[in-house]
Amino acid sequence: MTHSWLELPAERVDEAARQLLGWRLTANGVTVRLTEVEAYSGLGRDPASHAHRGVTNRNGVMFGPAGMLYVYQIYGMHFCANIVCGERGVASAVLLRAGEVVDGIETARERRTTRKDHDLAAGPAKLMQVLALDRRANGTSVVGGGSATLTPPVGSVGPVQAGPRVGVTAAHDVPWRFWIAGDPTVSAYRRHVPRKKPEPPVRERTGR
């Protein structure tokens, strides 16, 4: 199988996301089979995308060539990784949401404090932890000898399901989250609930 998802235009990032399911990402002695991903479009097209409002120091990698890792930090402590898709200059990327550890499981267990092997990489930050990847992987290629290496699936991927995205405040109902149906390593879905601003206290009027 060739890297056909590399050749898809940015506007078809949802197709690229589907094609990435089952692929294997290897880094620092551990290999993860991708079981859940999430697509994000580019400038002005997707309000949930980091690239929606244009190029910044943070999202610049998203505008680069396909096959690069776009890594960012959340909550000041965890890292998430995306694989850049589409043509150079038109941002789009696929968030790596979850996977199954298929090689280096003892090493993965040392990096993650869980008793359940199916939970080792069942989430974006967990996946990065088992692969021991952080911001230093940002801007490196998964198809050209970077911090991690992406290889094609082994055997059939099986049926794929699609649904709303997770943890975004805008366009969260866009069905661009894709996962391998029935796979136990897929992360738990939690619908985004916007926070309500507290109402100002009612001041009682006193008469004379």
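Only one entry in G64, G86 is touching a strand residue (DSSP E or B) at 6+ places or on another chain (Cβ under 9 Å), crowded, with 24+ Cβ neighbours inside 10 Å and not β-branched (V, I, T), namely G86. The condition (being under 13 Å from T31 (Cα atoms), of a type in the set (D, E) and in a strand (DSSP E or B)) is satisfied by just one residue among E100, E106: E100. Looking at R58, R53, R24, just one residue is of a type in the set (K, R) and surrounded by 14 or more Cβ atoms within 10 Å (Cβ to Cβ), and that residue is R24. A single member of R135, R177 is surrounded by 15 or more Cβ atoms within 10 Å (Cβ to Cβ) and modelled with pLDDT of 90 or more, and it is R177. Do we find that E15 is in contact (Cβ under 8 Å) with a residue 40 or more places away in the chain, surrounded by fewer than 18 Cβ atoms within 10 Å (Cβ to Cβ) and farther than 19 Å from T185 by Cβ in this structure? In short, no.
Table: residues versus (1) in contact with a Lys or Arg (Cβ under 9 Å, 6 or more places away or on another chain); (2) surrounded by 15 or more Cβ atoms within 10 Å (Cβ to Cβ); (3) without any contact (Cβ under 8 Å) to a residue 24 or more places away in the chain.
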position	(1), (2), (3)
R97	yes, yes, no
E100	yes, yes, no
E110	no, no, yes
K126	yes, yes, no
V154	yes, no, no
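Just one of the numbered conditions (1) within 15 Å of L96 (Cβ to Cβ); (2) at pLDDT 95 or above is not true of G167: (2).
The values are calculated or read from the model by the stated rules, or taken from the named source; none is laboratory data. Keep in mind the model is a prediction, meaning the values are calculated, not measured. Positions of Cβ are backbone-derived with ideal geometry, glycine not excepted, and every protein chain shown enters the neighbour counts.
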